[in-house]
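Structure first, commentary second.
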Amino acid sequence: MRARRIGIGDQLVAIPVHVKSMGGCGLAVGPMRAEVGPCNRTAVRLQESALAERFWWLVATSRLTIPLLIFAMAIALRLPYLMEAPGFTDEGIDVKVGLAALHGQWPLVDAEPYIGSLFNYLIAGGFLVLGHNPVVPRLVVTVLGALTVVLSYFLAKRLAGTTAALITTGLMATSAVHIWNGHIAWSNCTTPFFTTATMLVLVEARIRRSGPLLVAAGALYGLALQTHFSVTFLAPALLVYVSPLLRRSSLLRTPWPYLAIIAAILAYGNVIAYNVLNPGAFETAAREKEYGYVVGPTLDSYLINLQALAAAVVRMVSSSFGGGPSVIDQASLLINLPYVALLLIGIVYGIWRRQLLPLMAIGVTVLMMPYLNKEYGFPFGVRYLGYLLPLLYLLMALPLARILDILGQRARTAALALWPLCLLLVAVPAVNLFIYNEFYLALGATSPTILTIESEIRVRYQAGVIHEVLLDEQLDWVYTAPGGRALRAFDALFDVDQVPHRTVWMRPDNLRKELSGARRPLVLILSDASRQRVGEGFGLVRMDAPNRRYVGRGGYWAYYLP
């Protein structure tokens, strides 16, 4: 048995190394060039521990720097087109509930009885910190989306190592569907943040055998359930994943598992309370959403929805905006083939490596969701599957990470050559989204017009130039996005701006009646049809606006009335 000594700075550290001639292990301190043997792992750990203790500040900085860099990259990819694409949906309803929370009305639920008011309070907090700015609701969702990318890194690192975590993070950062839906101020668009946080804490609880972390995971699951009821499909996977912890440790004989259940119920308690106080509200709301939920499910409806879900998964992982609606159409697209192949290989490899959490979460959702949900349109409808994105990307990253790790040990040149291919897989979704956004705006998106009119009116109102805005009720027939109308968009935006406004039937006789008691000057936002109906007798002056791209489309404009 031999021993060597090396100096780390001015310290001497004893390192056990395998001595080939004796087949044993001795204490040695020296450069880590010893033959690889049974004690080499211990040697590396001791050396890393000594270095980490001496350069603790460097370790702490690196641990903080990596998440910050990931967040910076994710937010930089999400801020472009934040307000323009997609167009304004019916998110104004959620914003109004957020304003009610800001003004102390304490809502228990969002616009629907099965969605909690958590998101509305987050919006209210955003207004409290950043002021009454129309960008706040979408910015809140975007920031949570960027934080989801950071959480995905830590979750993937815990489950599969650093290499897989980096690939997962890259795919998640550029995911077109995650960025696109992260621009909508809907509660459901924040679901991936809370579900990823839940899974990360649950993984830590299982690894550390920690009761308090189990309770924290329960509370986070309750918060995730507030964002949308579809999170119930995640529950079986979480229970199966945590069951070994409960069976093999003494936790089951402690209060912790039961406290975790109580924490989940309390975190979802406001929704439970609302539906207890309003019996039947949940069922009534579900029946009113027949476009998304299945009423009277059958085997045929299940199989149709299952096929649509499978196609949606392919489009999600590949960020595909083209191709047909079927899974065969999507899988046969040349640009989608690498992503489909990686996902299939990743599923097989994940089964071999016993990646229970992602496999269970994806499997249960894919098998159960088609029974109740039929909305998988791309890109809006796939938000119900959004919480699966980090797990899908993790499975795709597994085979790539394994190949890179093997090549890194045996053929570093080949490993370096493979990384650009990984970067290409990461970059393609971002390029696809940029092209789609430009096409979306050029095709006739009306958000630039709405935002320009809103901005001009807000500035003039704050300067005291105008006193009120009259909105043409015909704007309720101007489509902006799924569930969105121009009237709803203006109504919510002016609520945020605190600009007085009301909806008016724009017929000449009715308009004269409305104007008789109105305080002038004011602004009328008229559809083109109403502008022709009103005629020239009111002295309306078309409002000037900056010459911006795509401004002026949509079939409406603002007119100044002195």
Extend 7 Å from the Cα of A463 along its Cα-to-C-beta direction; within region 516-549, residues with backbone N under 13 Å of that point are 544-546
Sorted by chain and then number, the residues having a modelled amide H within less than 5 Å of the amide H of G483, at least 5 places away or on another chain, are none
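Can you give the Kirkwood hydrodynamic radius for region 61-441, in Å, rounded to one decimal and based on Cα pairs?
Values: mean 1/r = 0.0466 Å⁻¹.
Over region 61-441, the inverse of the mean reciprocal pair distance is 21.4 Å.
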Under the 7 Å Cα-to-Cβ spin-label approximation, R248 and L79 lie apart by a distance in nanometres of 4.5 nm
Under 5 Å from the placed amide H of T503, counting only residues 5+ away or on other chains, we find L471
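Compute the FRET efficiency between D544 and L443 as 1/(1 + (r/R0)^6), taking r as their Cβ-Cβ distance and R0 = 25 Å, and round to the nearest 0.05. Walk me through the intermediate numbers first.
On the way: r = 26 Å, r/R0 = 1.05.
Efficiency for this residue pair is about 0.45.
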For 149-158, 76-85, 268-277, 375-384, ranked highest to lowest by mean beta-carbon neighbours within 10 Å, the order is 149-158, 375-384, 76-85, 268-277
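Mean Kyte-Doolittle of at least 0.0 plus a Cα span of 30 Å or more along the axis: flag which DSSP H helices in the chain meet both, please. Write down the numbers at each step before the final one.
On the way: long enough: 56-78 (34 Å, 1.48); 136-160 (35 Å, 1.51); 389-410 (32 Å, 1.26); 412-444 (50 Å, 1.44).
Length and hydropathy pass: 56-78, 136-160, 389-410, 412-444.
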Here, I262 and W477, labelled 7 Å along Cα→Cβ, have an inter-label distance in nm of 5.8 nm
Taking a crude spin-label model, label points 7 Å out from Cα along the C-beta direction, the I351 to R553 distance in nm is 4.7 nm
Going fewest to most other Cβ atoms within 10 Å around each Cβ, T298, T452 line up as T298, T452
Net charge near V203 (other residues with Cβ under 13 Å of its Cβ; Lys, Arg +1; Asp, Glu -1) is +4
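Using a 10 Å cut-off around each Cβ, can you sort V496, V203 from fewest to most neighbouring Cβ atoms?
V203, V496
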If D300, D528 are placed from fewest to most neighbouring beta carbons inside 10 Å, the sequence is D300, D528
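Computed from the coordinates by the stated procedures, all read-outs in this text should not be read as laboratory data. Please read these numbers as outputs of a predicted model, since none were measured by experiment. Because the Cβ atoms are built from the backbone with ideal geometry, glycine has one as well, and the counts that use them run over all protein chains shown.
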